[in-house]
Amino acid sequence: MKKKIPIGSRKILDQVSSGNNGLFEAEFTEDCVIRFKDSDSESDFFFEIQKINAAQGNNIVSYTIRYKPSNEETLSPHHTSVNLSNFRGHFDKWKKLLIEANKESPLFDDVFTQSYYDELEPKFEILDEDAEIKPYSIEQQQRIVEFLDKAQKILNRQKRKNDPEIKEASELIKETKANISKSTKKKVVKNIRKIIAKGFKAGLEIGQKLLIEFTTELAKKLIMGG
């Protein structure tokens with residue numbers, strides 16, 4: 001795949017995407033050369049190289065790019081052609097917009113789920129150095145799916161199945177299972193942490209059951225690298 005992207009632009013993409021702390025993910029589709037999308041499954045923010053245009057009379061290769069949002073005042077996408085020298089500027093701009101969009105908002109954010117999510121952080125520390133770039137092993141994926149199935153059974157046993165938090169946790173379980181083979185370790189653990197946080201918002205007993213199920217010695221060893 002890497003040989004389908006010119007070395008110059010690939011170097012820039014490697015630089016800007018490294019150490020992104022799970023902010024966005026890269027994907028390759030038939031519709032574009034490369035696409036970066038917001039790690040938040042509820043977001044449609046993206047940055048993509050749609051086409052690499054051959055050099056014309058000025059011998060300069062251009063890149064057709066498209067990204068959303070285009071600035072702080074609109075959610076509309078921006079579409080343009082750039083050369084390599086100013087390509088990074090557009091990507092850095094999009095990255096900064098993504099960082100701003102992820103900052104806490106007392107009005108729009110679910111502060112209860114976020115509070116539980118933050119409190120759970122010490123229990124979800126990943127020791128693997130490759131957590132942001134590699135998936136779990138096949139055996140680990142199987143173990144994670146087993147946990148997710150047990151987590152779903154815990155949710156199914158609740159009387160308040162129509163609670164928004166339980167519905168959202170169930171949807172996230174479904175999404176995590178469907179995409180586990182193409183998700184980084186950090187992405188998977190982030191989703192599990194969010195599932196348990198939503199469980200705590202739904203009810204203390206529910207959250208505790210999910211957390212206990214996750215924090216068995218087997219889970220610590222296979223999933224967290226401990």
Restricted to the range 131-145, and to residues that are open to solvent by less than 40 Å² (accessible area, probe 1.4 Å) and in a loop (DSSP other than H, G, I, E, B), which residue is modelled with the lowest pLDDT?
Ala131
The range 28-39, residues that are free of Cβ contacts under 8 Å to residues at least 60 places away in the same chain, among the charged types (D, E, K, R) and not in a loop (DSSP other than H, G, I, E, B):
Arg35, Lys37
Which of the following residues is open to solvent by 30 Å² or more (accessible area, probe 1.4 Å), in a helix (DSSP H, G or I), at pLDDT 90 or above and in contact with an Asp or Glu (Cβ under 8 Å, 6 or more places away or on another chain): Lys209, Lys201, Lys194, Lys186?
Lys201
Return the residue satisfying two criteria in turn: it lies in the range 93-114 and is surrounded by 12 or more Cβ atoms within 10 Å (Cβ to Cβ) and either in contact with a helix residue (DSSP H, G or I) (Cβ under 8 Å, 6 or more places away or on another chain) or of a type in the set (Lys, Arg) (or both), and of such residues it is modelled with the lowest pLDDT.
Asp110
Here is a check on your reading of the model: is Lys167 out of contact with any Pro (no Cβ under 9 Å at 6 or more places or on another chain) and over 16 Å from Arg193 (Cβ atoms)?
yes
Listed residues Ser85, Ser76; which is more than 24 Å from Leu172 (Cα to Cα), modelled with pLDDT of 85 or more and open to solvent by 50 Å² or more (accessible area, probe 1.4 Å)?
Ser76
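Please tell me if Tyr63 is buried (at least 18 other Cβ atoms within 10 Å of the Cβ), in contact with a His (Cβ under 8 Å, 6 or more places away or on another chain) and either under 28 Å from Lys182 (Cα atoms) or of a type outside the set (Ser, Thr, Tyr) (or both).
no
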So Asn162 fits all but one of (1) of a type outside the set (Asp, Glu); (2) within 30 Å of Ser81 (Cα to Cα); (3) open to solvent by 100 Å² or more (accessible area, probe 1.4 Å); what number is the exception?
(2)
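The values are calculated or read from the model by the stated rules, or taken from the named source; none is laboratory data. Everything quoted here is computed from the prediction, not taken from an experiment. Counting neighbours? That spans all protein chains shown, and the Cβs are built from the backbone with ideal geometry, glycine included. Each accessible area value is taken on the protein alone, full model and side chains, heavy atoms only, with ligands, DNA and RNA left out. Shrake-Rupley method; radii C 1.70, N 1.55, O 1.52, S 1.80 Å.
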